[in-house]
């Protein structure tokens, strides 16, 4: 019934969404799995570098004489850097082969992390976190483009889950690395930054050893007009709103959980670091679990989009358990609720990435980059506001509980406005 078109699958809204964007690469399933493994490791390094500061936040605040609002400023600087980097690397990922762009950004952010070991005060941290945000932003346009190039629609949530779950692995390791190095010396947090900053060199060697030029060829240029059209697409606007909500929620959890436990509930530094690792392990379960369940739901005849919407809603409900935070005292129930909500808070991200990959393959870098800009639109001012609120009230509870409601709002938007799958509309040809 629908009219046929010769446009490429990545640009044709009626094309089979199960076809990979890079159908001509000849990349075998084993090599696809290995490359996805490298994506997982890249995400792990990304968050290992990012979370090292949060793991030492209490000590750094004390050494540099910083208020919570100033710590919020440091986190905000990272967010502003992420906005800049999302624009820059989002466009570069569509004109430069990610085989070269990806290792370049990874080496850059690793160097900034290593340089943090030499920070002497609040101003140094501001500039270093700004630069870290710029270069770490390049990870997502590159990684999401690779996943879309090598996977089909049903498997993209799982591929994105592997990409996103690496963030949890890095975040699990960061407190453990810090715990193993901390001593009674004031500056004992510094060696951790130098060590984790050097890990990126190993990944770059593995990347060039594994990935061939034919796996990820240079993207075709499509002109400025096509670029702007895709950025104004109805579904693009939806994912921009969705990612703004879920990323604001996630970044508040990520940045303030350590201080909430240590200063807000009185846990020791050691117990806080160990629980942080457990919490990020729970978020990893959320990432991988949503991909597996989406595949299972599709095998039962549920469409790809419906399966994603269902799992997005489940994750949002898990997040909502954190609204009970203001009435939860220190104890096992509080920790259990934190683990459950953490799984939901990160579990929505592989689903969000899968929705962006349905919009356009040719412009995937720009889509991810511009979504990154929107994702961090509210984060920097919210981080500062959160820190100011804690300074004035002495409580982390209500701010974190409010953040837990944002994924539910995003789920409602997806159900209300995303529409019908392209594979539901297209009739199979005989």
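Descriptive notes on the structure:
- One residue stands out in region 325-358 among those that are over 19 Å from the mean Cα position of the chain (by Cα) and assigned to a loop (DSSP other than H, G, I, E, B): the one that is surrounded by the fewest Cβ atoms within 10 Å (Cβ to Cβ), namely 329.
- Qualifying residue in region 15-37 (condition: surrounded by fewer than 20 Cβ atoms within 10 Å (Cβ to Cβ), in a helix (DSSP H, G or I), in contact with a helix residue (DSSP H, G or I) (Cβ under 8 Å, 6 or more places away or on another chain) and at pLDDT 85 or above): yes
- Test: residue in region 117-137 that is over 29 Å from residue 57 (Cα atoms) and either in contact with a strand residue (DSSP E or B) (Cβ under 9 Å, 6 or more places away or on another chain) or touching a residue at least 24 places away in the same chain (Cβ under 8 Å) (or both): no
- Hey, residue 75 more than 15 Å from residue 133 (Cα to Cα) and either in a helix (DSSP H, G or I) or at pLDDT below 90 (or both) or not: no
- Matching residues, region 301-314, being more than 13 Å from residue 409 (Cβ to Cβ) and not in a loop (DSSP other than H, G, I, E, B): 304, 305, 306, 307, 308, 309, 310, 311, 314
- Residue within region 97-116 that is assigned to a helix (DSSP H, G or I) and modelled with pLDDT under 90 present: yes
- Boolean, residue 146 is in a helix (DSSP H, G or I), buried (at least 24 other Cβ atoms within 10 Å of the Cβ) and either out of contact with any strand residue (DSSP E or B) (no Cβ under 6 Å at 6 or more places or on another chain) or touching a residue at least 40 places away in the same chain (Cβ under 8 Å) (or both): yes
- Annotation for region 84-91: no member residue is assigned to a helix (DSSP H, G or I), at pLDDT below 90, surrounded by fewer than 24 Cβ atoms within 10 Å (Cβ to Cβ) and over 19 Å from the mean Cα position of the chain (by Cα).
- All conditions in (1) in contact with a helix residue (DSSP H, G or I) (Cβ under 8 Å, 6 or more places away or on another chain); (2) not in a helix (DSSP H, G or I) hold for residue 120, with the sole exception of (1).
- Of all the residues in region 293-306, those that are touching a helix residue (DSSP H, G or I) at 6+ places or on another chain (Cβ under 7 Å) and in contact (Cβ under 8 Å) with a residue 60 or more places away in the chain number 5.
The values are calculated or read from the model by the stated rules, or taken from the named source; none is laboratory data. Everything numeric here is computed off the predicted structure, so don't read it as measured data. Here Cβ is always computed from backbone atoms with ideal geometry, including for glycine, and neighbour counts include all displayed protein chains.
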